[in-house]
Amino acid sequence: MKINKNYSKITVALIAASVATAAIAATLIQLDAPVVVSTSDPANNAYKAKMGWISYKSSTAAAQYDVKAQILVYADGAAGSQNIWIARSIDNGATWTQQKITTSGGVSTGLITDPATLTTGTYTINHNKPNIYVAPVGVISSGKGADALLTWTSSDCTDNGNVAGDLAGPVSAQRINTVLHQPFMCLWTARSADGGVTWIKQRLTNGSLDTDEDVPAGYVKYTSDTASTGGFAITYQADPAGLKLGEAEGPGEGASGASVNPGTNVWYTFLSKAAFENTTTPFPSPTVVSDNTGVSAGDPGASRANLAISGGTAVLAYEETKGGGSTGKQIIYHSFPYATPDSSSAGTPISNPANSARRVRFLLQGNEALTDGGDAGALNATTKGVHVMLLWRETSLTTAAAASDVIMLRGIRNTALRPGSTGFLPTDIEPFAAAKNLSDPTANLGNDDNALAQRGVLRGEFAAIAYDRTPNKTQADLYQDTYNFFITRSIDGGETWSAGKNMSNITDNTIRVVEPRLVGTPGTIKLPVGTATADLSDVQNLNILYVSWGTETNAAVSVPGDIYMTRSTDKGVTYETVQLLAGGVTEQSEAQLRSPPDGKTLGALWMQRDATTGQTDVIYRNGTEGTVPDQVVTTTAGGGGGGGCIIASGKAPFDPVLPMLAGLSLIGLAVRRMRHR
């Protein structure tokens, strides 16, 4: 058949246009105007905001969860004199109420006499970066039942700032860190049983050990409006000789708790849900989980623990110096019923003892998230049985701050191989020889490839892991190379992984990626009796992933830049057009992302600093699923060139399906005309 060349050109052009149009995702998160949350402290110096969401019934008479609250915690006040603040919204972030949890920030400690050295000093009270756990659901009955837990460290080791209802702490025995010229920190907690409206404080420690790296966790389960179980727990590290300066391993602020003295241990305390809601019941004296008794040079010290609770099982993992004259660290694993913690236990080392491993994080899921009861040993099982996915950084090099790769190891339930297996037991964790290198394409732990800041999502047999990476740490340290943001995926329970996908594509060495974020949707929210709610947004969409990353100048003293975001609706196979979550002349950093189970709306916060005034605020921004804007422009990550991102701008929606169909119609018409010629 002879084809008319003119029609052939038209047809090819139309096909190209239709394919190009179809390649644009039909949906995009339409972002509302940002809202300033932290408006009450005159210092305007907000710090380290964290966020939790809860759906709850305001009474047992409510047929549905009639309150959906967003609870933010942050520090604010003049540097070195900060207090802890709560901000709460029940209208999807449109308006916020703020509440000052502490009032002693900026007040004198009074004269402290170190009981061990008799050193004396007077200091200004500062409340450090807070953390938060919020139960996902609740039912208010007799004024309680919607629970949230805060933790923070503070140079205040007295109860002088307590108010009516606060719980007394132990008698102070506060010591002084003569190296850093500051007092030892005490660990504090505050809890709410009414959805974040009121809070009760309690000091947990006496200052004889220097506390840091606190993590709150919990779980709740309802069977009716008035019947529920659950528990809440806190872990932290405590250093007998005081906080140490860091070793310049990364871009952090230093003295983060990563570098510890011999004899530093990980501690733990807990309350059942019933005891937690009885606000006259204090958290009990903490239990030491690890077993580091020696305080001489070369003795081990534990640090940077992570904690989560799944169905009543607590999983606790941390890094620990090897001791015995060995260099480097190893990863230690514990699991136990949340109300029966390990005590003075060596735990289970799970990383390669020949290497140095640090910065452990993990992902958990229960039996209900998997087929076959979550048991890979079930008859004709289709599940891999992965209940724990552990991630850490590891290197075979011995130099300080050496290039490291992201390593993954799994906890697998298989009752056929291990009767009594749950997927969480130390015996369920794979041997270190089975660990997989997720970040380095060559899987070479001794080269210059460096990855850090790993994050992840685990949903059934699907997992996605995000990290920052440079192939050339030596040059990146000299600011002659840069870091980009990558995501790798697995659809077979972590058996195999895709090549890392470069999400940021920065080629300009004056900019680098920081603070990667990868967030899945939370589980389906059900009524206490287990039936569906009337809110369609309460049904989990397992396919949704939210992604963001920040940028900063690639320099010895870095300056935060912009924050970018995107979303996937197919488990990371494709992504919506990348867009600017936060940008402009101000400095943006430390984004947090949250979504309801259906993944159709986004709640995001970040810290925003005005370089001219020095003021730093907590900013919140909502987004709702819509169609693609009418403008798509190529712009650079961080505004400095070489970003390689396609950034959406504009709010006017259009649906790419219509032009695609129109293009296909024209193709068909052209083909028909050719046939008639």
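Suppose we filter 212, 166 for residues that are touching a Gly at 6+ places or on another chain (Cβ under 6 Å) and charged (D, E, K, R); which single one remains? The unique qualifying residue is 212. The residues of the range 310-319 that are within 12 Å of residue 341 (Cα to Cα) and either within 15 Å of the chain's Cα centre (by Cα) or of a type outside the set (A, V, I, L, M) (or both), listed by number, are 312, 313.
Scan the range 436-447 for residues that are crowded, with 21+ Cβ neighbours inside 10 Å and within 17 Å of residue 388 (Cα to Cα) and the total you get is 1. Of the residues making up the range 356-374, just one is surrounded by 22 or more Cβ atoms within 10 Å (Cβ to Cβ) and either in a loop (DSSP other than H, G, I, E, B) or modelled with pLDDT under 95 (or both), namely 370.
Can you pull out the residues in the range 203-215 that are in a strand (DSSP E or B) and not hydroxyl-bearing (Ser, Thr, Tyr)? Correct list: 203, 210, 212, 213, 214, 215. In the range 396-406, of all residues being in contact (Cβ under 8 Å) with a residue 60 or more places away in the chain and under 28 Å from the mean Cα position of the chain (by Cα), the one that is surrounded by the fewest Cβ atoms within 10 Å (Cβ to Cβ) corresponds to 400. Considering only residues in the range 68-96 that are in a loop (DSSP other than H, G, I, E, B) and in contact with a Gly (Cβ under 7 Å, 6 or more places away or on another chain), the one that is nearest to residue 524 (Cα to Cα) turns out to be 93. Selection over the range 486-542 of residues that are without any contact (Cβ under 8 Å) to a residue 12 or more places away in the chain, part of a loop (DSSP other than H, G, I, E, B) and either hydrophobic (A, V, I, L, M, F, W, C) or under 18 Å from residue 452 (Cβ atoms) (or both) gives a count of 0.
None of 353, 282 is at pLDDT 95 or above and within 30 Å of residue 192 (Cα to Cα) except 282. Determine whether residue 281 is in contact with a helix residue (DSSP H, G or I) (Cβ under 9 Å, 6 or more places away or on another chain) and free of Cβ contacts under 8 Å to residues at least 60 places away in the same chain. So residue 281 fits the description; yes.
Every condition in (1) at pLDDT below 95; (2) buried (at least 23 other Cβ atoms within 10 Å of the Cβ) is met by residue 450 except one, and the failing one is (1).
Here is a list: 215, 197. Which entry is of a type in the set (Val, Ile, Thr), surrounded by fewer than 23 Cβ atoms within 10 Å (Cβ to Cβ) and either modelled with pLDDT under 95 or under 24 Å from the mean Cα position of the chain (by Cα) (or both)? The conditions single out 215.
Condition check ((1) in contact with a Leu (Cβ under 8 Å, 6 or more places away or on another chain); (2) part of a loop (DSSP other than H, G, I, E, B)) across all residues:
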residue: 196; (1), (2): no, yes
residue: 201; (1), (2): yes, no
residue: 217; (1), (2): yes, no
residue: 220; (1), (2): no, no
residue: 229; (1), (2): no, no
residue: 236; (1), (2): yes, no
residue: 243; (1), (2): yes, yes
residue: 262; (1), (2): no, yes
residue: 267; (1), (2): no, no
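In the range 50-67, the residues that are in a loop (DSSP other than H, G, I, E, B) and at pLDDT 95 or above reach residues that are surrounded by fewer than 14 Cβ atoms within 10 Å (Cβ to Cβ) and of a type in the set (A, V, I, L, M, F, W, C) with C-beta atoms within less than 7 angstrom, at least six apart or across chains, in these pairs: 64/534.
Would you call residue 113 free of Cβ contacts under 8 Å to residues at least 12 places away in the same chain and within 15 Å of residue 38 (Cβ to Cβ)? For residue 113, the condition - free of Cβ contacts under 8 Å to residues at least 12 places away in the same chain and within 15 Å of residue 38 (Cβ to Cβ) - is not met.
For the range 155-176, the condition holds for at least one residue, the condition being that it is in contact with a Phe, Trp or Tyr (Cβ under 9 Å, 6 or more places away or on another chain), within 22 Å of residue 286 (Cα to Cα) and part of a strand (DSSP E or B).
Looking at this structure, is residue 381 without any contact (Cβ under 8 Å) to a residue 40 or more places away in the chain, buried (at least 16 other Cβ atoms within 10 Å of the Cβ) and under 23 Å from residue 494 (Cβ atoms)? In short, yes.
Residues in the range 605-613: is at least one surrounded by fewer than 20 Cβ atoms within 10 Å (Cβ to Cβ), of a type in the set (Val, Ile, Thr) and not in a strand (DSSP E or B)? Looking for residues that are surrounded by fewer than 20 Cβ atoms within 10 Å (Cβ to Cβ), of a type in the set (Val, Ile, Thr) and not in a strand (DSSP E or B), one finds at least one in the range 605-613, hence yes. Just so you know, in the range 533-590 the residues that are hydroxyl-bearing (Ser, Thr, Tyr) and closer than 13 Å to residue 485 by Cβ include one that is surrounded by the most Cβ atoms within 10 Å (Cβ to Cβ), and it is 551. Residue under question is residue 335, and the condition is that it be in contact (Cβ under 8 Å) with a residue 24 or more places away in the chain, outside any loop (DSSP other than H, G, I, E, B), under 18 Å from residue 268 (Cα atoms) and in contact with a Ser or Thr (Cβ under 7 Å, 6 or more places away or on another chain); does it hold? So residue 335 fits the description; yes. Among the candidates 241, 227, 248, single out the residue that is at pLDDT 95 or above, farther than 30 Å from residue 366 by Cα and of a type outside the set (Phe, Trp, Tyr). Within the list 241, 227, 248, the selection yields 241. With the condition kept exactly as written, say whether any residue in the range 552-574 is modelled with pLDDT of 95 or more, on the phi > 0 side of the Ramachandran plot and not in a strand (DSSP E or B). Looking through the range 552-574, at least one residue is modelled with pLDDT of 95 or more, on the phi > 0 side of the Ramachandran plot and not in a strand (DSSP E or B).
Within the range 181-196, residues that are over 18 Å from residue 214 (Cα atoms) and aliphatic (A, V, I, L, M) have Cβ atoms under 8 Å from residues that are surrounded by fewer than 24 Cβ atoms within 10 Å (Cβ to Cβ) and modelled with pLDDT under 95 in these pairs: 193/279, counting only partners at least 6 apart in sequence or on another chain.
Rundown of residues vs (1) surrounded by fewer than 15 Cβ atoms within 10 Å (Cβ to Cβ); (2) of a type in the set (D, E, K, R); (3) in contact with a Gly (Cβ under 8 Å, 6 or more places away or on another chain), yes/no style:
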{"position": "286", "(1), (2), (3)": "no, no, no"}
{"position": "290", "(1), (2), (3)": "no, no, yes"}
{"position": "299", "(1), (2), (3)": "no, yes, yes"}
{"position": "330", "(1), (2), (3)": "no, no, no"}
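When only residues in the range 407-426 that are more than 15 Å from residue 317 (Cβ to Cβ) and β-branched (Val, Ile, Thr) count, which is surrounded by the fewest Cβ atoms within 10 Å (Cβ to Cβ)? Result: 415. Can you tell me which residues in the range 183-194 are in a strand (DSSP E or B) and among the aliphatic types (A, V, I, L, M)? Passing the criteria: 187, 190.
The single condition among (1) surrounded by 22 or more Cβ atoms within 10 Å (Cβ to Cβ); (2) touching a Gly at 6+ places or on another chain (Cβ under 8 Å); (3) closer than 19 Å to residue 348 by Cβ that residue 392 does not meet is (2).
The values are calculated or read from the model by the stated rules, or taken from the named source; none is laboratory data. Computed from a predicted structure; not experimentally measured. Cβ coordinates were reconstructed from backbone atoms using ideal geometry, including for glycine residues, and neighbour counts include every protein chain displayed.
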